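First up is the structure itself, then whatever we jot down about it.
Quick note: the coordinates plus some simple rules give every number you see, no bench work behind them. Note that the coordinates shown come from a computational prediction; the quantities given were computed from them, not determined experimentally. For neighbour counting, all protein chains shown are included, and Cβ atoms are generated from backbone atoms with ideal geometry for every residue, glycine included.
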Amino acid sequence: MKNKKIKKIIGMDIGAGSVKIVTGDVQNGQILVRKMVTHHLPEQVFSDGDVKNPEAMTGAIRDMLRANKITERKCHLCVDSTQLITREVLVPASAGGNLSDVAKFEMAQFLPVELKNYVVQSKRIRELEVDGKPFVEASVTAFPKEMVDKLHDLVLNAGLQPLVLDTHANAVSKLFEMQEIINGSSFKRKTVAFIELGYESTMLTIFQNGQFKFNRTIARGGRDMDANIAKFLDIPLEEAMVKKMNAGDLNESLEDFSEESRILNIMRSSLDSILDELEKFFRYHATRSKGMDAVEVMYLYGGLSNLKGICGYFEGRFKTTAEKIEKVGMVDWPGNGQNHTMADYFNAIGAMARR
């Protein structure tokens, strides 16, 4: 595989709020991004990993490809959903090459679902000893088969070749395991949290010394903030989205009853509900991972990472450094002078990466 160049790949990230596409080449662990495009979706077209309106979704993707003169056809798709089941299981080290099958069996022992209705993927986390016997801890993710089939058909009907279906967690994990520089600094010898502040949900992924350790998804995101603003100000959701992105610094305290002050209070309240859940997962992870250092840096990405003062707000709550992801060592990000930030396309970029 060394020196092999994989040309003309589409990395596609589909969420409830938008479809994001990046195109480029992958060579020697480096990703060269050539184009980046976003198309915003109306409500009830795609939600929680489910294609609600196949015709509208297919049309949206075809329009994106045509309008931006994208000729690549090999597609690596990335999605996230609360319907995905992710668990950590212990597998005897003697399983060897049968790790995936044994991990699937172990997962089936404590899940109240029929795994025959799921597509199951496993990922090795670490080796450890339990009562003097060697085990492997694995992260197992189960995709509903119906969801997989719908997504496969969507990509195919859009005129693309579906090669890869990834989760957000696995997409970002590949990026971070393949390199060590973010925003000009190495994170390999640190315990770090990557936090995707998405439209429909929030995802937490923890790495220690460059190795994946933990991942969980919170069913709250930017849409909840938009809905709260729209409700309290009695305005359309689209107008609430604009007011959110135009709002002032989250850390600024306005001593008045202006609309700006009300909007900031609503945004902080919405964020606090997300941060409360993150705090629970930080505590849970600390209790199950003895010897794990406290999180030293939080890297933020996704739509809400563009809010003014977001890093300072996280730092004030968790007393830990927070940075919005601006640059990743293995990614050549042109930006093309447009209003595109890497933090908005991180999942699509990660979908392009292959181990």
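Contact order, relative form, for the chain: 19 percent (alpha carbon pairs under 8 Å, 6 or more residues apart, mean separation divided by residue count).
Computed across the range 165-236, the Kirkwood radius stands at 13.8 Å (inverse of mean 1/r, all Cα pairs).
Computed from the Kirkwood radius of its Cα pairs, the Stokes-Einstein diffusion coefficient for the range 16-174 at 10 °C and 1.306 mPa s stands at 90 µm²/s.
Note on the range 180-327: Kirkwood radius taken over Cα pairs, Stokes-Einstein applied at 25 °C and 0.890 mPa s, translational D equal to 153 µm² s⁻¹. Evaluated with a Cβ-only charge set (Lys, Arg +1; Asp, Glu -1), the range 180-327 carries a dipole of roughly 940 debye about its Cα centre, given to the nearest 20. Taking every alpha-carbon pair within the range 85-143, the share separated by more than 13 Å comes to 55 percent.
The length gained by stretching the chain between residue 326 and residue 119 to full extension, at 0.36 nm per residue less their Cα-Cα distance, is 71.1 nm. Look at the dipole of the chain built from charges on Cβ: of 169, 113, 47, the Cα furthest out on the positive end belongs to 169. When DSSP beta bridges are restricted to pairs lying wholly in the chain, around 70% turn out antiparallel. Taking the charge dipole of the range 191-263 about its Cα centre, with +1 at Lys and Arg Cβ atoms and -1 at Asp and Glu Cβ atoms, the residue from 208, 263, 197 reaching farthest to the positive side is 208.
Dipole magnitude for the range 2-96: computed about the Cα centre from +1 point charges on Lys and Arg Cβ and -1 point charges on Asp and Glu Cβ, it is near 840 debye.
Shown for the chain are the DSSP H helices of 30 Å or more along their axis, judged by Cα atoms, with a mean Kyte-Doolittle hydropathy of at least -1.0: 259-288.
When the listed pairs 123/145; 104/188; 145/280 are checked against a 22 Å cut-off, the alpha-carbon distance exceeds it for 104/188; 145/280. Shape summary: the chain maps onto an equivalent ellipsoid whose semi-axes, from the alpha-carbon gyration tensor, are 31, 27, 21 Å in decreasing order. Each semi-axis of the equivalent ellipsoid for the range 203-284 is √(5λ) with λ an eigenvalue of the Cα gyration tensor; in descending order they amount to 30, 14, 11 Å.
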